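The values are calculated or read from the model by the stated rules, or taken from the named source; none is laboratory data. Please read all numbers here as calculations on a predicted model, not as lab measurements. Reconstructed Cβ throughout: ideal geometry from the backbone, glycine too, with neighbour counts over all protein chains shown.
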Amino acid sequence: MEILEHFALGFGVAMTVQNLAYCLLGVALGTLIGVLPGVGPLVTISMLLPITFGLPPVSALIMLSGIYYGAQYGGSTTAILVNLPGETSSAVTCLDGYQMARNGRAGAALATAAISSFVAGCIGTLLIVLLGTPLAGWALQFGAPEYFSLMVMGLVSASVLSHGDMLKALAMVVVGLLLGLIGTDVNSGMERYTFGLPELADGVGFTVLAVGIFALSEVVMNLEQKEERGIFKANIAGLMPSLSDLKAITLPTLRGTAIGSFFGILPGTGPSISSFSAYMLEKKLARDPSRFGKGAIEGVAAPEAANNAAAQTAFIPTLTLGIPGSATMALILGALVMNGVQPGPTVMTRNPELFWGVIASMFIGNVMLVALNLPLIGIWVRLLSVPYRWLFPSIIMFCAVGNYSINGSAIDVYLCAGIGVLGYILAKLDCPPAPLVLGFVLGPLMEESIRRALLLSQGDFTVFLTSPISLGFLIVTILLLGSMVLPAIRRGKERVDREEASAT
Amino acid sequence: MEILMKSDVMRNKDVLSGLLFMGLGSIALYISLDYRFGSTVRMGPGYFPKILSGLLIAFGVAILIKGVRQGGNLAGPWSWAPLFLLTLAMVLFGFTIERLGFVPALALMFLVAAYAGNEFRLREVFVLTAVMSTFAVIVFIWGLKLPYPLFAWNF
């Protein structure tokens with residue numbers, strides 16, 4: 001059994017003392033920031049990226065992914081106990097989770113969230129294993145035209161399917177692609193958009209961009225909101241759910257996992273849409289839909305399963321194709337590139353210890369998370385009383401020190417501050433930041449692949465249409481774009497966006 | 001069709017985004033005029049930049065038109081003051097770390113950054129600065145072994 005060998009390799013890597021420690025650190029940090037409203041995985045991962053620079057790639061990736069899926073666990077705790085989403089993806093968990101807590105069933109709600117998250121997390125990780133190998137094998141046949149079309153499809157679908165205005169998202173992709181051009185052109189050796197600064201000859205650092213776009217602007221946006229943080233003194237006794245509870249959540253958990261796994265793989269969609277859709281499905285399937293919003297246990301199990309499954313399956317396109325579907329995945333991919341790993345289908349064959357080590361760490365991390373979240377729940381709840389005015393200067397500190405530390409250059413810190421200003425203006429104008437970062441990561445790869453494709457075809461653009469795989473990707477792209485022009489589908493998406501907004 | 005007032009345009013987030021994208025695209029296009037376009041077979045360094053700049057300007061125009069016809073307004077006022085203070089905090093850190101050392105740079109940064117918050121309690125900020133600076137020294141200087149002097153005087 002080949003797969004067992006892979007697992008043995010993976011667990012061998014993940015079970016070293018060092019990697020176990022990074023895994024624990026990652027999931028603990030993830031839970032922490034998941035619990036705290038206003039500090040999400042995007043901000044945290046971008047803020048910690050510079051620090052992982054010195055680590056071996058496997059350890060860096062184990063820790064960063066731990067932060068990401070750990071945050072999905074932590075977010076539900078805040079949702080249930082304080083009626084505030086710790087993460088946006090746990091917004092719907094507030095609806096019934098908080099009601100359960102008010103009915104004196106806080107313990108059962110927390111346990112339900114943890115159990116369904118765990119089940120979904122494990123199934124999601126298994127899916128990476130099952131789908132990852134054939135997908136990477138298929139992608140190994142791709143040449144330059146196929147890769148170019150795949151990247152176009154990834155970027156367009158991430159813009160079309162994501163929340164909000166499609167035109168703005170597409171424009172943001174182009175801004176990201178342009179920012180990715182800064183630096184020395186590999187073919188001609190010419191410096192582009194460097195303004196004569198030697199610091200820009202190697203391009204804008206990935207962490208500089210990520211921190212500026214995500215962390216800084218996020219802090220300013222958060223400061224605009226008035227701080228409201230209720231203190232909750234619930235009796236969280238009785239963590240064990242009853243047998244009838246377990247029976248009631250089995251099917252919703254599995255349905256939530258299925259929905260989450262689907263949206264996780266799709267670019268542009270992720271944990272938030274998954275948990276929302278899972279909740280709506282449960283409400284539709286329920287014999288008595290009026291129970292929802294009043295403490296229905298399915299209303300906790302399904303969305304929590306969905307967002308964790310989505311968090312795991314999002315790794316599939318990232319690790320096997322090298323195409324990130326969301327901003328967080330772009331950060332993970334950026335971490336790989338920073339650490340000298342060439343992303344794409346070759347990761348599995350060229351760096352098997354990395355791929356399988358990270359997968360194995362996800363199983364271990366999910367077990368750690370249950371242990372961290374259930375018995376230690378009291379500690380996390382107490383952390384909720386930390387006010388944001390203590391947190392945000394510390395976030396700024398990590399941003400500044402981290403960016404300074406990569407090259408020991410103050411220019412990077414200035415650049416990051418400047419990008420932060422642009423990031424805030426764009427965020428205020430409702431221009432989604434994720435497509436920009438996706439474009440930035442994929443930009444250089446796209447230019448390289450279109451160049452190679454057209455060089456080989458003697459400048460004949462039909463090369464993108466004669467390869468059936470490439471043609472397939474382009475047809476999907478056009479269908480996606482076309483679907484948004486159809487009024488019926490566009491109105492449907494606008495309705496979903498609105499409902500999602502009102503649920504949060 | 002309603003006639004848009006000037007003040008409405010300045011609050012219309014789609015019009016503003018359109019203008020911003022058009023501006024960014026124009027700057028990028030202007031700079032790329034110096035880069036050789038090349039041919040499709042042998043692309044010059046200007047091939048990609050020019051196409052992308054043009055695309056960005058086109059998107060900007062489309063968003064602007066959409067904004068004029070049915071644009072949404074900005075949610076809430078701009079918070080220039082916090083943005084300025086946080087940016088200043090980072091710039092100060094970059095400027096002072098090589099001149100005064102790690103600890104003074106951190107302290108300055110915390111003071112300025114904390115002022116961006118909704119509430120500023122001086123005593124609390126001092127405690128926070130002390131605690132987080134100690135933490136940063138332990139993590140970055142002792143833990144990650146970054147080679148920065150704690151205090152310095154380089155002018």
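Quick grid of which residues meet (1) surrounded by 23 or more Cβ atoms within 10 Å (Cβ to Cβ); (2) within 30 Å of A:Gly378 (Cβ to Cβ):
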| position | (1), (2) |
| --- | --- |
| A:Ala114 | yes, yes |
| A:Cys122 | no, yes |
| A:Leu127 | no, no |
| A:Val156 | yes, no |
| A:Lys168 | yes, no |
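With respect to the conditions (1) of a type in the set (Val, Ile, Thr); (2) over 30 Å from B:Gly46 (Cβ atoms); (3) part of a helix (DSSP H, G or I), A:Ile425 lacks only one, and its number is (2).
Here A:Ala335 fulfils each of the conditions (1) part of a helix (DSSP H, G or I); (2) surrounded by fewer than 22 Cβ atoms within 10 Å (Cβ to Cβ); (3) at pLDDT below 90; (4) under 19 Å from the mean Cα position of the chain (by Cα) apart from (2). With the structure loaded, tell me whether A:Val341 is among the aliphatic types (A, V, I, L, M), in a helix (DSSP H, G or I) and over 13 Å from the mean Cα position of the chain (by Cα) or whether it fails that test. Taking the combined requirement at face value, the residue does not satisfy it. Applying the set (1) more than 19 Å from A:Ala309 (Cα to Cα); (2) out of contact with any Leu (no Cβ under 6 Å at 6 or more places or on another chain); (3) crowded, with 21+ Cβ neighbours inside 10 Å to A:Gly107 leaves exactly one unmet item: (2). Of all residues in the range B:91-101, which are surrounded by fewer than 24 Cβ atoms within 10 Å (Cβ to Cβ) and among the hydrophobic types (A, V, I, L, M, F, W, C)? Within the range B:91-101, B:Val91, B:Leu92, B:Phe95, B:Leu100 qualify. B:Leu55 - would you say it is facing chain A (nearest Cβ under 9 Å), within 27 Å of A:Arg192 (Cα to Cα), surrounded by fewer than 19 Cβ atoms within 10 Å (Cβ to Cβ) and at pLDDT 95 or above? So B:Leu55 passes the test.
Does the range A:414-426 contain at least one residue that is within 24 Å of the chain's Cα centre (by Cα), buried (at least 24 other Cβ atoms within 10 Å of the Cβ) and more than 9 Å from chain B (Cβ to nearest Cβ)? Yes, because at least one residue in the range A:414-426 is within 24 Å of the chain's Cα centre (by Cα), buried (at least 24 other Cβ atoms within 10 Å of the Cβ) and more than 9 Å from chain B (Cβ to nearest Cβ). Within the range A:377-394, residues that are within 14 Å of another protein chain (Cβ to nearest Cβ) reach no partner that is assigned to a helix (DSSP H, G or I) and among the hydroxyl-bearing types (Ser, Thr, Tyr) with beta carbons closer than 7 Å at six or more positions or on different chains. Every test in (1) over 24 Å from the mean Cα position of the chain (by Cα); (2) facing chain A (nearest Cβ under 7 Å) is passed by B:Gly71 save one, and that test is (2).
Annotation note: Cβ proximity below 6 Å between a residue of the range A:177-194 that is at the interface with chain B (Cβ under 7 Å from one of its Cβ atoms) and a residue that is part of a strand (DSSP E or B) and not aliphatic (A, V, I, L, M) (sequence gap 6+ or interchain) occurs for A:Leu181/A:Arg192; A:Asp185/A:Arg192. For the range A:143-153, does any single residue satisfy the condition of being of a type in the set (Ser, Thr, Tyr), away from chain B (no Cβ under 14 Å) and under 21 Å from the mean Cα position of the chain (by Cα)? No: zero hits. Taking helices (runs of 4 or more DSSP H) as the structural unit, those lying wholly within the range A:114-219 and holding at least 2 residues that are modelled with pLDDT under 90 and at negative phi correspond to A:144-161, A:206-210. Just to be sure before I move on: is A:Glu224 at the interface with chain B (Cβ under 10 Å from one of its Cβ atoms) and touching a Ser or Thr at 6+ places or on another chain (Cβ under 6 Å) in the structure I sent? Yes; evaluated as a whole, the condition is true for this residue.
Scan the range B:85-106 for residues that are free of Cβ contacts under 8 Å to residues at least 24 places away in the same chain and either of a type in the set (Phe, Trp, Tyr) or not assigned by TED's automatic domain parsing to the domain that holds B:Glu119 (or both) and the total you get is 2. A count restricted to the range A:427-456 and to residues that are surrounded by 18 or more Cβ atoms within 10 Å (Cβ to Cβ), more than 16 Å from B:Ile51 (Cα to Cα) and within 9 Å of chain B (Cβ to nearest Cβ) stands at 3.
The residues of the range B:26-45 that are at the interface with another protein chain (Cβ under 8 Å from one of its Cβ atoms) and either in a helix (DSSP H, G or I) or not aromatic (Phe, Trp, Tyr) (or both), listed by number, are B:Ala28, B:Ile31, B:Ser32, B:Arg36, B:Ser39, B:Thr40, B:Val41, B:Arg42, B:Met43, B:Gly44, B:Pro45. A:Glu353 meets all of the listed conditions (1) in a helix (DSSP H, G or I); (2) farther than 25 Å from A:Tyr73 by Cβ; (3) in contact with a helix residue (DSSP H, G or I) (Cβ under 7 Å, 6 or more places away or on another chain); (4) within 14 Å of chain B (Cβ to nearest Cβ) but one, namely (4).
Residues that are part of a loop (DSSP other than H, G, I, E, B) and at the interface with chain A (Cβ under 8 Å from one of its Cβ atoms) within the range B:76-117 comprise B:Gly76, B:Trp78, B:Ser79, B:Glu98, B:Ala116, B:Gly117, listed in sequence order.
Those residues that are of a type in the set (S, T, N, Q) and buried (at least 24 other Cβ atoms within 10 Å of the Cβ), I need them from the range A:60-99; list them, please.
Taking the range A:60-99 as the starting set, the residues that turn out to be of a type in the set (S, T, N, Q) are A:65, A:72, A:76-78, A:83, A:88-90, A:93, A:99.
Once the filter is applied, which keeps residues that are of a type in the set (S, T, N, Q) and buried (at least 24 other Cβ atoms within 10 Å of the Cβ), the range A:60-99 yields A:Ser65, A:Gln72, A:Ser76, A:Thr77, A:Thr78, A:Ser89, A:Ser90, A:Thr93.
Number of residues in the range A:379-393 that are buried (at least 20 other Cβ atoms within 10 Å of the Cβ) and modelled with pLDDT of 80 or more: the value is 4.
Of all the residues that make up the range B:41-60, how many are hydroxyl-bearing (Ser, Thr, Tyr) and under 15 Å from A:Glu448 (Cβ atoms)? Counting residues in the range B:41-60 that are hydroxyl-bearing (Ser, Thr, Tyr) and under 15 Å from A:Glu448 (Cβ atoms) gives 1.
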